[in-house]
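Down below is the structure, laid out as structure tokens.
The values are calculated or read from the model by the stated rules, or taken from the named source; none is laboratory data. As the structure is a computational prediction, the values presented were derived from the model and not from experiment. Note that we place each Cβ from the backbone using ideal geometry, even for glycine, and neighbour counts take in every protein chain shown. Ligands, DNA and RNA are stripped out before the accessible areas are found, and what is left, the full protein with its side chains, is counted by its heavy atoms. Shrake-Rupley method; radii C 1.70, N 1.55, O 1.52, S 1.80 Å.
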Amino acid sequence: MSTLLEVSGISVTFDGFRAINNLSFQIGSAEMRAIIGPNGAGKTTFMDIVTGKTRPDEGRVIWGEKSVNLLKMSESQIARAGVGRKFQRPTVFEDQTVLENLIMALKNRRRPFSVLGYRRSAEDVGRVEVLAEEIGLKAELPRKAGELAHGQKQWLEIGMLLAQEPRLLLVDEPAAGMSPMEREQTTAILVEAAKTRAVVVVEHDMEFVRRLNCKVTVLHEGSVLAEGSLDHVTANQEVIDVYLGR
Amino acid sequence: MQRSFFMRNPSVLIFIGLLALFTLLVTVFSEAFGVGVISTSLVKTLGKTLCLCLIAIAMDLVWGYCGILSLGHFAFFGLGGYMIGMWLMYERTKAIVVSSLAEAPLPPTADEIRDGIGTQIFGVVGGAEIPPIWFFADSLFAQLVLVVTIPGLLALIFGWLAFRSRVTGVYLSILTQAMTLALALYLFQNDSGLRGNNGLSGLQNLPGLDDVPQATISIWFLWASAFALGLGYLVAAWVVGGKFGSVVRGIRDDEARVRFLGYHVESYKLVVFTLTAIIAAIAGALYYPQAGIINPAEIAPIASIYLAVWVAIGGRGRLYGAVIGAAFVSLVSTWFTGGQAPDIPLGFYTIQWVDWWLVLLGLSFVLVTLLAPQGIGGLFDLFTNRKTPERGGADLGPDAGSLQEKEAEQ
Amino acid sequence: MTRTIFYGLGAALLWLMTATVSLAQSPIQDLLQTYEADLAKPSRKSIGTVIEGLIASGQPEIPELLTKWREKDVWQRKDDKLFFYGEKIDSKTYRLIDIATGEVVGELPKKELKQLKPNSGVRGVIATALVQFQLTDPDRATREAGLTAIERGPEASHLGALRASISPETDADLKARKVRLERLLTIPYDEDSATRVAAIESFSKDLGVDARAAINPLLTTTRKAAATLPENANIAAVLEPGDDLTRAEAYGLLVDAGLAPAQVPASAQKDALIANVENGQVAGVPVHQLDNDAARADAYAKLAAAGTVPPAVTETQIDEALAANVIFDVYAEPDNAVTDAAQEALKSIETRVFFNQMLDLGLDGLSLASIYFLAAIGLAITFGVMGVINMAHGEFIMMGAYTGYVVQQVIPDYTVSIIVAIPLAFAVTFAAGVAMERLVIRWLYNRPLETLLATFGISIALQQIAKNIFGTQARPLTSPGWLDGALVFNDVVSISYIRIAIFVLSLIFLCVLLFVLNKTRLGLETRAVTQNPRMAASMGINPDRVNMLTFGLGSGIAGIAGVAIGLYAKVTSELGADYIVQSFMTVVVGGVGNIWGTLLGATMIGFLQKGIEWLNPSNTLAAQTYMIIFIIIFIQFRPKGIIALKGRAAGD
């Protein structure tokens, strides 16, 4: 299994506070990974760095077979290179319809003038319908995203993520605020996605992580504390100390 | 799934229809082509109002749709006016100089004509040389090209600098205001090459058309303004109607999210900013020949803020709202400041609207912002029963400044 | 016979009487009588001896006499040729005053009197002689007046009197002034070259305008043309046509010097053509073809060939004339040791003047910076804490200024009224700010663009209301007398007291604000709300209250700034609008939510503006344009200002 993303030795400091401390991390091209860690462990900052929102003070982020340096690219370039991100809070464009949201996310040319001349082809609409089916929002396509229930918004966002056809999905707490039924469906979507691409899930909920049934990385104070199966890491004394306090 | 453009945007057809009707009515009642009920000066006022509606559409595109509160679009409007004004003034002065030199014993040389024009135009600022920026002033075509390219280029450079450094929100507004101020101050100088605070004048006279009465010319400009407004509305509706509009509105509501979808937000802002600058410039190029004079005071920051006021009162985020706001506020303003509004005697004090109109405008603007953020355009929702989304949460977008729950419930 | 005797007796008696009268005259009158003829009909030749004689007599009345003489107030009685001071009573009658005693002698009709009317040359000699008296007068004020008179209009003749008066001078200040003036006069008027050079060199470290005024004329040059360079002239530079001056100018000089024939100017050529139009033709060329310069030149050449007009000078002729002659600048001052020394001294003075100008510019920049700081700090606080841009901030400044004006209408004492106006302005604008926050801004939190527009609405309303109440003309806000004048360091560096006062005021503000924000409960709560409003709210801080007080504080400071600005600018309804953009720039450049940031921003903008104005002094409009462009570029490199909050707290 080839490596898709390789992060090595990155550090970030905010006003003297070390949010990420010499962190290294790797993920293969079709792999599911869960990242857990207490508050302030640097999970969100880690995602910020990979997606280009935050520049690290040192370290390297290497992407893909051609070993591209992600640190030299802008957010939108990274997104076009195949990194998709789902935020903690559902962020969909509430003022626009579900269809418009998905069309916007659909993998297509992104330059302003191409978009200006864009016409919805039957093929694109077909792709959107298949996606909507997958995330259970087919009936909601003409509705405004703002009218959806919280869980539906989460799915819409996952749907938008999938529409981008990324090679790496960064998912921040996808199950927050979902009912058990919805969680199950979310798990299914993610597991399905991980068959063809890399998926990194940041999650607090151990039950949800267990259901994902994947390798787990534990972050603490900006660096990797432990890595391995969930059972392996939860047996680790250091991890127990960090989570339960000393 | 994809319906036709007009099916998706019924307001475009309605708007163009109403505009055509309006133009027809004014023509029929005008002095030049009809019964003469509407005076030439009123025709000019109406023509100018149409131009203001056009720049309001530009403002709505950039602010209402893209979320950039530009306090500088009157700079582009003014530049457009200056570009066409240069041709009008140069050619007309040339005609005057040539006819006066025709009496001379020797036929004038090209240099003598040029010197004559220079003295005529720049004598008022103590110069006689024609500055290099007037190089193309003798060519209508070149100046028409400049009407579009100069403001477009300024917008492109300024926008590129501003958006590239991710200046947003209030900062960006202040920066655009600074740009306008800088331009106005520059033009106020006598050696700016554009006659300092005298500005360009006599623009209502078309070179070579001295025999055509102003009544006729005013109707021509009314037609041109109406055509430009209709076309501008169509272009704007087309731009915001499709996927591009989707992205642009996305940028307004959550810039970062659009970026993570892989769109280069800065390019989109730049396209919208430049496009609207060009629309504003065209509006200006049509406005100032009707006004007859342009000077740097027209570009002062306050003008651009009024533009924001029009769009806000009319209702931003919908094109017809911008048009209504611009037309309503500028016409009412003309009425009040023209001394036509009746004074209100309070016994101890008489409210003269010439003095108190600005106070009324300022306060009503505050009230609109506070109580009716949808503006006048919001009234149309009552008829069309436009459904407002039922929102459960608090703020509707993650960015400060995006649509809020309260606002959405209006 | 007896008649004869009687007559003789009578004559003797008369002589006796006259003699008695003569004997009763004062010594001064006697002295004057010895010079009677020269005084009555003075000439430049004789006057020197007269005045020398008068002065040599050492009579105490001489200075007054000379003064009166110069002012044409000395009269001679025709019948006895005695001299008196005359005072006009009416056009025909004059009152005579005795020169020695100052007593009134009597009133006489004008026709019996003769006025002494020294011509201008004589008056000049008298004035010079007077100088000597003035400079050695026992009264210090007179000496000072004499000195000032020489400083205003120095003449060669003053030099001697001045030198003679230095050693007897007792007053140290005056002595210093005299010594300095002596050196200044030595530069143009002394005859010895070495002395002049020494005097020039003694000023090479002097910043005084008078020193430069004395040295500069030595370096004035005249541009001349000649066939060869003159041998004994003090040549400043030999000029090359085309490089140092244009060909046309060079040729003009040759023509003026009679070294070349005059050029026929284009307008004269044209007039000649017009004068020679015959049957629609000029020298065979049809008039309608004469619409370009080449055709006109041809036609003129044909006229010249026919001898009708003088020939035009060709380019080759100009070249030849220029090659055959030299053009040079020659000093008016013939001594080249003096001009060299003057050049050296001037260079050294200019270097010093430059450094001092920089210092002065620094002071100007500092005072402008303190004004911007005052104007912007309130804005920075409200923007930093609440994320609210208050477009009406400028109108609060205006309100403060008008408060000061109204207070001055009630309290006439300027010192007291300013002391009352400052707290009152704070109170008025604080109240206005709180009212605005409660009524408008509170409803628009998290919608910064709409706050901006709503406050703009308030701004135009306030501006118009002020216009309706106070009218459009500027209202004065007069500063107390002790703030008039300036602190002068030397001829180049000075700063007005009012600017110092504003500087001190802004320093006080800086300290007070640092204290309030860092050491008080309100400051703690304000900072908490700035950094994390939600967290602050959950810690029991009432953000509503903090916001209200902060907004009031920011507005109150604007009010005080208004009083300060009003003191040195006129109070108009547009006062605030004039400062608002600069205030915004200050906040944007400085960075949000930090007093030090605002301070740095104000300093940068203040110095920058002064610097640009110095580079381009004639054009303050262009200076502002360039400054704004600079700020737009600056934002490229520091989008969040000089001092930016970093990390998550800054938000995105």
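Can you flag which of C:Lys78/C:Lys117; C:Lys224/C:Lys302; C:Lys45/C:Lys81 are past 24 Å Cα-Cα?
Numbers: C:Lys78/C:Lys117 15 Å; C:Lys224/C:Lys302 35 Å; C:Lys45/C:Lys81 22 Å.
Too far apart for the 24 Å limit: C:Lys224/C:Lys302.
Please list, by residue number, everything in segment B:326-340 whose backbone N is under 19 Å from a paramagnetic label point 7 Å out along Cα→Cβ of B:Asp355.
Residues passing the 19 Å test: B:336-340.
Can you pull the accessible area of C:Phe355 for me, 1.4 Å probe, Å² to the nearest 10?
130
Lys/Arg Cβ at +1, Asp/Glu Cβ at -1, dipole of the protein assembly as shown taken about the Cα centre: which of A:Ile20, B:Tyr171, C:Pro217 is farthest positive-ward?
My answer, from the dipole projection, is A:Ile20.
With a 1.4 Å probe and all protein chains in place, put C:Trp614, B:Trp63 in order of accessible area, largest first.
Sorted by accessible area, descending: C:Trp614, B:Trp63.
With viscosity set to 1.567 mPa s at 4 °C, what whole-number translational diffusion coefficient in µm²/s follows for chain A from Stokes-Einstein and a Kirkwood radius over Cα pairs?
D = 69 µm²/s.
What residues from segment C:100-136 fall in the zone where the backbone N is under 14 Å from a label point 7 Å along the Cα-to-C-beta line of C:Glu64?
Only C:100-105 pass the distance filter.
From the convex hull of the Cα coordinates of segment B:254-295, what is the mean projected area in square nanometres?
3.9
Pull out a ≥ b ≥ c, the square roots of the eigenvalues of the alpha-carbon gyration tensor of segment C:450-545, then state rounded if a/c is under 1.5, prolate if not and a/b is larger than b/c, and oblate in the remaining case.
Oblate shape, in that a/c is at least 1.5 and b/c is the bigger or equal ratio.
What does the average come to when, for each residue of peptide B:56-69, you count the partner chain Cβ atoms lying within 10 Å of its Cβ? Please report the intermediate quantities before stating the final value.
On the way: counts 0, 0, 0, 0, 0, 0, 0, 2, 0, 0, 0, 1, 1, 5.
Partner Cβ neighbours, averaged per residue: 1.
Taking the Cα centroid of segment B:107-138 and of segment C:404-430, what is the distance between the two, rounded to the nearest whole Å?
If you average the Cα positions of each part, the centres end up 55 Å apart.
Under 16 Å from a label point 7 Å along Cα→Cβ of B:Asp381: give me every residue in segment A:74-105 with its amide N that close.
Counting only backbone N, you get A:94-97.
Putting +1 on Lys and Arg Cβ atoms and -1 on Asp and Glu Cβ atoms, find which of A:Val7, A:Leu71, A:Gly37 reaches farthest to the positive end of the dipole of segment A:1-108.
Of the candidates, A:Val7 comes out farthest on the positive side.
Please give the average number of partner chain Cβ atoms lying within 10 Å of the Cβ of each residue in B:104-113, rounded to a whole number.
Partner-chain Cβ atoms within 10 Å, mean over residues of B:104-113: 5.
Please work out how much length the chain gains when fully extended from B:Phe135 to B:Leu209, using 0.36 nm per residue of separation minus the C-alpha to C-alpha distance, in nm with one decimal. Numbers along the way, then the final one.
On the way: separation 74, 0.36 × 74 = 26.64 nm, distance 2.31 nm.
Full extension from B:Phe135 to B:Leu209 adds 24.3 nm.
Amide H neighbours of B:Ile351 under 5 Å, at least 5 residues apart or on other chains, H built in the peptide plane: list them.
Excluding prolines and chain starts, which carry no amide H, the hits are B:Ile344, B:Leu346.
Report, in debye and to the nearest 20, how large the dipole of segment B:5-300 comes out about its Cα centre when Lys and Arg carry +1 and Asp and Glu carry -1 on their Cβ. Display every interim value, and only then the final one.
On the way: 15 positive and 17 negative charges, 263 e Å.
Taking the Cα centre of segment B:5-300 as origin, the dipole is about 1260 debye.
Before anything else, pin down the relative contact order of segment C:221-336: Cα pairs under 8 Å, at least 6 apart, normalised by residue count, whole percent.
On the way: 131 pairs, mean separation 61.4, N = 116.
Relative contact order, segment C:221-336: 53 percent.
Just give the residues from segment B:219-252 buried by at least 50 square angstrom of accessible area in the all-chains context relative to the isolated chain, probe 1.4 Å, and say none if nothing qualifies.
B:Lys243, B:Phe244, B:Ser246, B:Arg249
Give, rounded to the nearest 20 debye, the magnitude of the charge dipole that segment C:355-650 has about its Cα centre when Lys and Arg contribute +1 at Cβ and Asp and Glu contribute -1 at Cβ.
Values: 17 positive and 13 negative charges, 218 e Å.
The dipole magnitude comes to about 1040 debye.
Working with all protein chains in place, sort A:Asp172, C:Asp291 by solvent-accessible area computed with a 1.4 Å probe, largest first. All intermediate terms of the calculation are to be shown ahead of the outcome.
Values: A:Asp172 5, C:Asp291 70 Å².
My answer, sorted largest first, is C:Asp291, A:Asp172.
Does chain C come out rounded, prolate or oblate by the C-alpha gyration tensor, with a ≥ b ≥ c the root eigenvalues, rounded set by a/c under 1.5 and, if not, prolate when a/b is larger than b/c and oblate if not?
Judged from the Cα gyration tensor, chain C comes out oblate (a/c at least 1.5, b/c at or above a/b).
Considering only protein heavy atoms, what is the solvent-accessible area of C:Ile89 at a probe of 1.4 Å, reported in Å² to the nearest 10?
Surface accessible to solvent at C:Ile89 totals approximately 70 Å².
Give me the Å³ per residue figure for the convex hull around the C-alpha atoms of segment C:567-647.
So the per-residue Cα hull volume is 108 Å³.
Skip the ligands, DNA and RNA, and give the accessible area per residue of chain A with a 1.4 Å probe, whole Å².
Each residue of chain A exposes 43 Å² on average to a 1.4 Å probe.
Excluding ligands and nucleic acids, what accessible area in Å² is computed for B:Tyr306 using a 1.4 Å probe, to the nearest 10?
Counting only protein heavy atoms, the figure is 50 Å².
Total accessible area buried between chains C and B, 1.4 Å probe, in Å² to the nearest 100? Mind showing how you got there, number by number?
Working: alone 34460 and 20570 Å², together 50260 Å².
For C against B, buried area totals roughly 4800 Å².
Using every Cα-Cα pair within segment B:202-315, state what percent have a distance larger than 23 Å.
48
For chain C, what % of the accessible area comes from carbon and sulfur atoms, probe 1.4 Å? Show your work: numbers first, answer last.
Working: 18880 of 31940 Å².
The value for chain C is 59 percent carbon and sulfur by accessible area.
Would you tell me the mean number of C-beta atoms belonging to other protein chains that fall within 10 Å of each C-beta in A:114-123, as a whole number?
Mean shielding by partner chains, rounded to a whole number: 4.
About the Cα centre of segment C:221-336, how large is the charge dipole given +1 on each Lys and Arg Cβ and -1 on each Asp and Glu Cβ? Please answer in debye to the nearest 20.
500
Setting aside same-chain residues fewer than 8 positions from A:Lys144, which lysines have a Cα under 30 Å from its Cα?
The qualifying lysines are A:Lys53, A:Lys86, A:Lys107, A:Lys153, B:Lys243, B:Lys269, B:Lys387, B:Lys406.
Relative contact order for chain B: what is it in percent, counting Cα pairs under 8 Å that are at least 6 residues apart?
28
Looking at B:Ala137, B:Ala104, B:Val37, which one has the Cα that reaches farthest to the positive end of the dipole of segment B:1-154 (charges on Cβ: Lys, Arg +1; Asp, Glu -1)?
Towards the positive end, the residue furthest out is B:Val37.
Quote the total accessible area buried by chains A and B together, excluding ligands, DNA and RNA, probe 1.4 Å, nearest 100 Å².
For chain A against chain B, roughly 3400 Å² becomes buried.
Among the lysines, which have Cα under 21 Å from the Cα of C:Lys347 when same-chain residues fewer than 8 positions away are ignored?
Hits, sequence-local ones excluded: C:Lys205.
For B:Leu206, what residues show an amide H to amide H distance below 5 Å, using hydrogens built from the backbone and excluding near sequence neighbours?
none
Packing-wise, with mean Cβ within 10 Å as the measure, how do C:254-266, A:74-86 rank, highest first?
A:74-86, C:254-266
How many angstrom separate the Cα center of segment C:185-228 from the Cα center of segment B:224-300?
Taking the Cα centre of each part, segment C:185-228 and segment B:224-300 sit 67 Å apart.
Name the aspartates and glutamates eligible as straight-distance cross-link partners of B:Lys48: C-alpha to C-alpha under 18 Å, and not fewer than 8 places from it in the same chain.
List returned: B:Glu31, B:Glu298.
Take every Cα pair under 8 Å in segment A:1-105 that's 6+ residues apart, average their separations, divide by the length, and report that relative contact order as a whole percent.
Taking the mean separation of contacting Cα pairs over the length of segment A:1-105, I get 25 percent.
Kindly provide the helix-only [θ] at 222 nm of chain C, computed as the sum of -39,500 (n - 2.57) over DSSP H runs of four or more divided by all residues, to the nearest 500 deg cm²/dmol? Each step should come with its number before you reach the end.
Numbers: 26 runs with 415 residues, N = 652.
So the helix-based figure for chain C works out to -21000 deg cm²/dmol.
Report the trypsin sites (Lys or Arg not before Pro) located in segment C:170-245 that are in a DSSP loop and have at most 16 other Cβ atoms inside 10 Å of their Cβ, or state none.
Passing both the DSSP loop test and the Cβ count: C:Lys205.
Along each of the three principal axes of the Cα atoms of the protein assembly as shown, give the extent in whole Å, ordering the values from largest to smallest.
Result for the protein assembly as shown: principal-axis Cα extents of 168, 96, 80 Å.
Apply the Karplus parameterisation 6.51 cos²θ - 1.76 cosθ + 1.60, with θ equal to phi minus 60°, to every residue of segment B:49-62 and state each ³J(HN,Hα) to the nearest whole Hz, in sequence, with x for glycine and proline.
Going residue by residue, I get 4, 4, 5, 5, 4, 5, 5, 5, 4, 4, 4, 5, 4, 7 Hz, with x marking Gly and Pro.
Starting from a Cα-only point model with no solvent, please compute log10 I(q)/I(0) by Debye for chain B at q = 0.06, 0.10, 0.14, 0.15 1/Å.
Listed by q, the Debye log ratios stand at -0.27, -0.74, -1.32, -1.46.
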